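Structure first, commentary second.
The values are calculated or read from the model by the stated rules, or taken from the named source; none is laboratory data. Please read these numbers as outputs of a predicted model, since none were measured by experiment. So basically every Cβ, Gly included, is an ideal-geometry build from the backbone, and we count neighbours across all protein chains shown. When the accessible area is computed, the model is the full protein with side chains, heavy atoms only, and any ligands, DNA or RNA have been set aside. Shrake-Rupley method; radii C 1.70, N 1.55, O 1.52, S 1.80 Å.
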Number of protein chains: 2
Amino acid sequence: MEKTRYLLDEKDMPTQWYNILPDLPEPLPDVLHPGTGQPVTPDDLAPLFPMGLIMQEFSPEHYIDIPEEVQAIYKTWRPTALHRAYRLEKALDTPAKIYYKYEGTSQGGSHKPNTAIAQAYYNKKEGVKRISTETGAGQWGSSLALAGAFFDIEIKVYMVGVSFYQKPYRRIMMETWGATCVPSPSQDTQAGRDMLAKDPDCPGSLGLAISEAVEDAVSRDDTHYSLGSVLNHVLLHQTVIGQEAKKQMEMADVYPDIIIGCIGGGSNFAGLFLPFIKDKIEGRKPDLRIINVEPASCPTLTKGPYAYDFGDVSGLTPLLKMYTLGHDFIPPPVHAGGLRYHGMAPIVSHLYHLGLVEAQATYQLDTFEAGIKFARTEGILSAPETMHAIKVVIDEALKCKETGEAKTILLGHSGHGHVDMAAYEAYLSGKLTNYEYPEEMVKKALENLPKV
Amino acid sequence: MEKTRYLLDEKDMPTQWYNILPDLPEPLPDVLHPGTGQPVTPDDLAPLFPMGLIMQEFSPEHYIDIPEEVQAIYKTWRPTALHRAYRLEKALDTPAKIYYKYEGTSQGGSHKPNTAIAQAYYNKKEGVKRISTETGAGQWGSSLALAGAFFDIEIKVYMVGVSFYQKPYRRIMMETWGATCVPSPSQDTQAGRDMLAKDPDCPGSLGLAISEAVEDAVSRDDTHYSLGSVLNHVLLHQTVIGQEAKKQMEMADVYPDIIIGCIGGGSNFAGLFLPFIKDKIEGRKPDLRIINVEPASCPTLTKGPYAYDFGDVSGLTPLLKMYTLGHDFIPPPVHAGGLRYHGMAPIVSHLYHLGLVEAQATYQLDTFEAGIKFARTEGILSAPETMHAIKVVIDEALKCKETGEAKTILLGHSGHGHVDMAAYEAYLSGKLTNYEYPEEMVKKALENLPKV
């Protein structure tokens, strides 16, 4: 029998992050200044981010050293295990071999600390005392709170309102690690107050919470802003996942035919697939399939145009070329709060535009059905976000059953769902519904795309 | 720099459980039949347990093979990591070296699956279709639900009422894995109905929930009963923890001066210390200190007599010689639901009686203060049960700071607290209180000790 889990010793943990930028077949489109429409300079971003991160955002280096202080904290839970899903394979009666890289064993329960630790480190190094951020389901906010505790930085989190009330445990996690967390829209910013005046019951959105956090940062000298996904440096930090997984797949003496993950802003899945896609770009693995899975109710890649748009509702951020549903689109309140974002990481968008990766959209009820099957076979209670990827893994494994092909499938398992049990209850008690693609709302939001 | 985490490959996972019984300096007192007062025979226990477990309960073998099917499931999360708590050490400014064996990475988030998987296996092997059990905070019930999913066995859980309502997430976990969970006292058994008639607001206790689960099992032909702690075979299964920790301490080239863990029924901590106490019994480590930590509100070892008592409220179980606060004592509703038990594992009781292990009682507020310090240094959000042990680890580390001794401390970290965030919120918002030792209630309960 092959192994169940492939472990790496901490001496085999990556000591560098992998930067895809110089390996892209075509360069990434410029990031534009929202005022001038010209490419942004590092100095333009300095009010928001420390220079260490800004330089990573545009770096031409293939690999960037992970600072020792960051490695030391990574080692409190990394390297993470690669699992073989024997029980799920057996339950599906499939010849496919299913592996999953599991990020749920971090202190925050997801992949998010990989970048939170790094971002807090560079801010600390440059003397920043306070960081503002937004969070959807709370995985990002709680991870930055954790990083704030490690580096003694004050953290203020604007949490999407619907998740703030649906997922109180994530807020308490943030408070336990010493952060302050408010529901967005909040009374603490102009963006929040404006929205509340317009709609006092606004459920919030990631785009709006970003507006609040950015406004907070630019209005205070002691504060920087931090983003948990989307940007190049965030995806960069997550490449520890894929580098480890590559070594572990080698230990198992296999290479994936298909890699599958869920995408909200795109960072967890890009962190897994970027070190692999290098093999596809360079012609060694031309048939490698990479499937991005998003909610049918917020289908950025599968339905949105590839266009310049703001990262936030208020139009405070630079303009990014990305697939988007419009910066003022507010997605339906699916439990996978981390996937409720109108845009998509420019790197993921670019790779999708170039045809190097695929995308699929799935319905909420199907994802929960898949998540429960995973729980009852592999034991792990997955985050609702991760269930989106599990749904497509099961689909692909069942196709293998039909064709008799023993494909190797690699799932990016982004985190556990122990603090999402209210969503499980809603599903088990029949109270959960599907949300259709809100076509009219998107159409309206797309009318507000900035003119470039 | 030394390592942060010591990992074992799955080929180094123990393939046998360690049985302390033949190594005890004096034999364990007999278990007595509640009706006859005579030592129980294996046949007496057959209505409750499969013979595979009954034989383990009395086994004279030093080591017992772990069945391959059980090993295969253990490998979905075992071996678990041994961590060095560098950040906690630094925050305490102590010369002590603190290590912790962390069981929170199992699918259930605690050590409980170690025995749940084994118990479900032996029941399945003997054709049992359904198992009834009780649970306190829900760690045990959810772990048996997980094991039921792995082995396709129906699970019915009687959950202590106060925890059922305080910790809904644990109930939902059980339901996700396919089990049925009711609050105890329930209308489903005579023991439950009698208690509800007497006190409709009864918060429940482990002793009462055991009565309900045992009654359920003996009244149905298709059902066995399962206990998550206390009994010899349960402690046996948990020795995978200590055997792994011993190998990992060897990798770190250290041996503990002090081992510290929390005790409710005693199984998680005994699972850690039994493979080490062998070295003390056999004279190789005469100075090894082993500290059992219990709540001041339920101080079984530190305040109770060593006497024969029932395991449950109704007096359905065999009589065990143990430290006890009286089988009908209902402990105050501390958040560490897993430590709210009137009795103590006979093996732990015996070792305490022989002076081979120590015991300390701690107050709820002190344990949360320690748990928050651990969260803000090591990152891990601990279960309220585990916080009891962390409190004493910090005390001992601070003593080292005073004396300048660089002692090696090993903490048994039994699980994470991601589903206990309501308790964290109560503490952080100042709503948590201490519970004093309920001396009068215990005095009254001890009047009802069975005459032997």
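Please give, to one decimal in nm, the separation of the simple spin-label points placed at A:Ala91 and A:Cys202, each 7 Å out from Cα toward the Cβ.
It is 4.1 nm.
Using the 7 Å Cα-to-Cβ label point, sort the distances from B:Asp152 to its equivalents in the other copies shortest first and give them in nm to one decimal.
Here B:Asp152 shows inter-copy label distances of 5.8 nm.
Amide H neighbours of B:Thr362 under 5 Å, at least 5 residues apart or on other chains, H built in the peptide plane: list them.
Under 5 Å from the amide H of B:Thr362 lie the amide H atoms of B:Glu294, B:Ala296, each far enough along the sequence or on another chain.
With Rg and the Kirkwood Rh both taken from Cα atoms, where does Rg over Rh land for the stretch A:229-313?
1.01
Am I reading the A/B interface right? What is its buried accessible area, both sides, 1.4 Å probe, to the nearest 100 Å²?
Counting protein atoms only, the buried area is about 4100 Å².
Rg and Dmax of the stretch B:400-441, Cα atoms, in Å?
Every Cα atom of the stretch B:400-441 included, Rg and Dmax give 16.9, 43 Å.
When the helices in the protein assembly as shown are scored as -39500 (n - 2.57) per DSSP H run of 4 or longer and the sum is shared across all residues, what 222 nm value do you end up with, to the nearest 500 deg cm²/dmol?
Value at 222 nm, helices only: -12500 deg cm²/dmol.
Using a 1.4 Å probe on the protein heavy atoms, what percent of the accessible area of the stretch A:100-156 belongs to carbon and sulfur?
Carbon plus sulfur share of accessible area: 44 percent.
For the stretch A:48-64, just list the computed ³J(HN,Hα) in residue order, Karplus coefficients 6.51, -1.76 and 1.60, θ = phi - 60°, integers in Hz, with x standing in for Gly and Pro.
9, 10, x, 4, x, 7, 4, 5, 5, 4, 10, 5, x, 6, 6, 9, 10
Whole-Hz Karplus ³J(HN,Hα) for the stretch A:258-268, in order, using 6.51 cos²θ - 1.76 cosθ + 1.60 and θ = phi - 60°, x for Gly and Pro?
With the stated coefficients, the stretch A:258-268 comes to 9, 10, 10, x, 8, 9, x, x, x, 6, 5 Hz.
Reported to two decimal places, what Rg/Rh ratio describes chain B when computed on Cα atoms with Rh from the Kirkwood expression?
We get a ratio of 0.94 for chain B.
What percentages, rounded to whole numbers, describe P(r) for the protein assembly as shown computed over all alpha carbon pairs with 20 Å bin width beginning at zero?
15, 48, 30, 7, 0
Counting Lys and Arg as +1 and Asp and Glu as -1, what is the net charge of the other residues whose Cβ lies under 12 Å from the Cβ of A:Leu8?
+2
Could you work out, for the stretch A:126-213, what percent of all Cα-Cα pairs fall into each 10 Å distance bin, beginning at 0 Å and stopping at the bin that holds the largest distance?
Cα pair-distance distribution for the stretch A:126-213, in percent: 21, 50, 25, 4.
GluC sites (Glu not before Pro) within the stretch B:380-451: which are DSSP loop residues with at most 15 other Cβ atoms inside 10 Å?
Those satisfying the criteria are B:Glu405, B:Glu436.
Using only Cα atoms, locate the centre of the stretch B:184-260 and the centre of the stretch A:1-47, then give the distance between them in Å, rounded to an integer.
Result: 48 Å between the Cα centres.
Write down Rg/Rh for the stretch A:297-452, rounded to two decimals, with Rg from the C-alpha atoms and Rh from the Kirkwood relation over Cα pairs.
Result: Rg/Rh = 1.01.
Let me know the whole percent of all Cα-Cα pairs from the stretch A:170-290 that are separated by more than 22 Å.
Distances greater than 22 Å cover 54 percent of the Cα pairs.
Can you list the equivalent-ellipsoid semi-axes of the stretch A:43-145, largest first and in whole Å, using the square root of 5 times each Cα gyration tensor eigenvalue?
34, 16, 14
I want the local charge near B:Glu396. Using Cβ-Cβ distances under 13 Å, sum +1 for each Lys or Arg and -1 for each Asp or Glu among the other residues.
Surrounding charge for B:Glu396 is 0.
Alpha carbon centre of the stretch A:387-452 versus the stretch A:361-377: separation in Å?
8 Å
Counting only C-alpha contacts under 8 Å and six or more residues apart, can you give the relative contact order of chain B as a whole percent?
19 percent
Rolling a 1.4 angstrom probe over the protein heavy atoms, how many square angstrom per residue are accessible across the protein assembly as shown?
With the other protein chains kept in place, the protein assembly as shown gives 33 Å² per residue.
What are the label-to-label distances in nm, one decimal and shortest first, from A:Met441 to the same spot in the other copies, with labels 7 Å along Cα to Cβ?
Here the equivalent label points are 4.9 nm apart from this one.
I need the per residue convex hull volume for the stretch B:1-51, using only the alpha carbons, in cubic angstrom as a whole number.
With only Cα atoms used, the stretch B:1-51 gives 195 Å³ per residue.
Please list, in order along the stretch A:297-306, the HN-Hα scalar couplings obtained from phi with the Karplus expression 6.51 cos²θ - 1.76 cosθ + 1.60 (θ = phi - 60°), rounded to whole Hz, x for Gly and Pro.
For the stretch A:297-306, the Karplus curve yields 7, 9, x, 4, 6, 7, 10, x, x, 8 Hz.
For labels at A:Arg284 and A:Glu26 in the simple 7 Å Cα→Cβ model, what's the distance in nm?
2.6 nm
Mind jotting down the distance between the C-alpha centroids of the stretch A:49-82 and the stretch B:274-349, whole Å?
Result: 47 Å between the Cα centres.
If you put a point 7 Å past Cα along the Cβ direction, how far is that point for A:His353 from the same point in each other copy, in nm, smallest first?
In ascending order, 7.7 nm.
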